[in-house]
Amino acid sequence: MTKDQIHSKLSTVLRRVAAGHRMEDVSESMGCTKETLKEALLALADKIDADFGESRAVLAIDGAARGNPGPAGAGAALLDNQGNTMAEVGRFLGKATNNEAEYQALMLGLNLALERGFSRLSINTDSELLANQLNGSYRVKEPRLKKLFSEAHQLLGRFEKWEIRAVPREQNRLADRLANLAIDKEAGEGGKK
């Protein structure tokens, strides 16, 4: 597909969406899936943000627990729109469940983004539960998670704009590595005491 054909298709999509057509109808008329269309529009939005100097970053997060509950760690990395690492952090959490570690990783990353002055975030997690709870698709039933959910929403309220999506685990390796390194470091130091 040529550059002119791509521009023509994107122009058609944007005009149809702006006219109030449903995404399902637009994607079907364009011969693609709704997810493919969504990814293309997100990529376009990222380009527009970058071209107009918007303060936006990708936040990759992951929590890990060895046992459920067990020794746990949280990892977070701030990436630019090209996927380059701008900052990363990992923290040992003590004993926690995997879901608690996921929320702790989110809050660790949100604080990192706030410290770096970002007002807009695209958050990637390999936890479908976390993404769906924050998007409102799933209810939070576990009492300890309700508390973490509330704390996370307070932090998210400090951002101008945010979105969260569940990504495959292989696309979240950096955050996973940071969470596991935090556990490994603590286990190594614990063994020396």
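Here are some notes:
- Of all the numbered requirements in (1) closer than 18 Å to LYS161 by Cα; (2) among the hydroxyl-bearing types (Ser, Thr, Tyr); (3) free of Cβ contacts under 8 Å to residues at least 60 places away in the same chain, TYR103 misses one, and that requirement is (1).
- Single condition ALA131 does not satisfy, out of (1) touching a strand residue (DSSP E or B) at 6+ places or on another chain (Cβ under 6 Å); (2) in contact (Cβ under 8 Å) with a residue 40 or more places away in the chain; (3) not polar (S, T, N, Q): (2)
- Scanning the range 74-103 for residues that are in a helix (DSSP H, G or I) and surrounded by 24 or more Cβ atoms within 10 Å (Cβ to Cβ) yields ALA101, GLU102, TYR103.
- Condition met for GLN171 (of a type outside the set (A, V, I, L, M), without any contact (Cβ under 8 Å) to a residue 24 or more places away in the chain and in the same structural domain as LEU106 (by TED's automatic domain parsing)): no
- On inspection, GLU24 passes the criterion of being at pLDDT below 90, over 16 Å from the mean Cα position of the chain (by Cα) and over 30 Å from LYS146 (Cβ atoms).
- Of all the listed residues (SER122, SER137, SER150), the sole one being of a type in the set (Gly, Ala, Ser), assigned to a loop (DSSP other than H, G, I, E, B) and outside the structural domain of GLU39 (by TED's automatic domain parsing) is SER137.
- Qualifying residue in the range 86-95 (condition: in contact (Cβ under 8 Å) with a residue 40 or more places away in the chain, assigned by TED's automatic domain parsing to the domain that holds ARG66, more than 22 Å from ARG56 (Cα to Cα) and not aliphatic (A, V, I, L, M)): yes
- Meets criteria (free of Cβ contacts under 8 Å to residues at least 24 places away in the same chain and loosely packed, with under 12 Cβ neighbours inside 10 Å) for GLN154: yes
- Among the residues making up the range 59-73, those that are more than 12 Å from the chain's Cα centre (by Cα) and in a strand (DSSP E or B) are GLY63, ALA64, ALA65, GLY70, PRO71, ALA72, GLY73.
- Counted residues, the range 140-157 - those being at pLDDT 95 or above and of a type in the set (Lys, Arg): 2
- Residues that are surrounded by 15 or more Cβ atoms within 10 Å (Cβ to Cβ), of a type outside the set (Lys, Arg) and closer than 25 Å to GLY188 by Cα do not occur anywhere in the range 129-143.
The values are calculated or read from the model by the stated rules, or taken from the named source; none is laboratory data. Remember, predicted model here, so these are calculated numbers, not experimental data. We place every Cβ from the backbone using ideal geometry, glycine too, and count neighbours over all the protein chains shown.
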